[in-house]
Amino acid sequence: SRVIAYMCQLQPPEFVFVSFAVELDNFIRRESKIHDREGGSRHSMSRDFQFVSAFIQQMCLVLLNSKEAKELRDVLKDCIGYGKKAEERDHRRSRLFHILLHSFSHNLVAATSLCLWGGACRTASLFLKKIDPLDINLVFLLELDKLVEMIERPLFR
């Protein structure tokens, strides 16, 4: 997470996060094609998803906690909502949110955090309703604990 925060000092945070999001999506797409073509093991694909999930978790921690990403947090704050006039700036903010959400969806807690921050409460609710009780493990519970801890911080109020 320090590397991501440091990169946000060198480049605009929006550029850093979108670049990582696009590259992670390309990585998953490329590895899926290789897996399908060569008939690779499920274990190798699972490892790729675990890597992407862990990376997304680090991105989420930087986004919601670091001072280097404050500019991006401000742009994303309540960018999805009702009753707003459709302006170009709002369209840009909404597009940025959806680009990040596409990648953040590889980690349930990160996606839920992003949705709550962006004001997409219905989407966050849908993510939480899709939790399969069989998928709940210690790692998931620890991530969920981090989400609750973040929600309790003054940043979310």
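One table, with the values for the structure above:
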quantity: Euclidean distance between Cα centres, segment 1-67 to segment 123-141, Å; calculated: 20 Å
quantity: Counted charge near Phe27, where neighbours are those whose Cβ lies closer than 13 Å (Asp, Glu -1; Lys, Arg +1); calculated: 0
quantity: Cross-link pairs beyond the 30 Å C-alpha cut-off, checked among Lys33/Lys146; Lys33/Lys70; Lys77/Lys146; Lys67/Lys129; calculated: Lys33/Lys146; Lys33/Lys70; Lys67/Lys129
quantity: Relative contact order (%) - the chain, alpha-carbon pairs under 8 angstrom, separation at least six; calculated: 24 percent
quantity: Cα-based convex hull volume of the chain per residue, rounded to whole Å³; calculated: 130 Å³
quantity: Relative contact order, percent, segment 90-147 [alpha-carbon distance under 8 Å, six or more residues apart]; calculated: 27 percent
quantity: Percent carbon-and-sulfur accessible area, the chain, ignoring ligands, DNA and RNA, probe 1.4 Å; calculated: 57 percent
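The values are calculated or read from the model by the stated rules, or taken from the named source; none is laboratory data. All values derive from a computational prediction rather than experimental measurement. Note: ideal-geometry Cβ built from the backbone for every residue, glycine included; neighbour counts use all protein chains shown. Side chains are part of the model used for accessible areas, which takes the heavy atoms of the whole protein and leaves out ligands, DNA and RNA. Shrake-Rupley method; radii C 1.70, N 1.55, O 1.52, S 1.80 Å.
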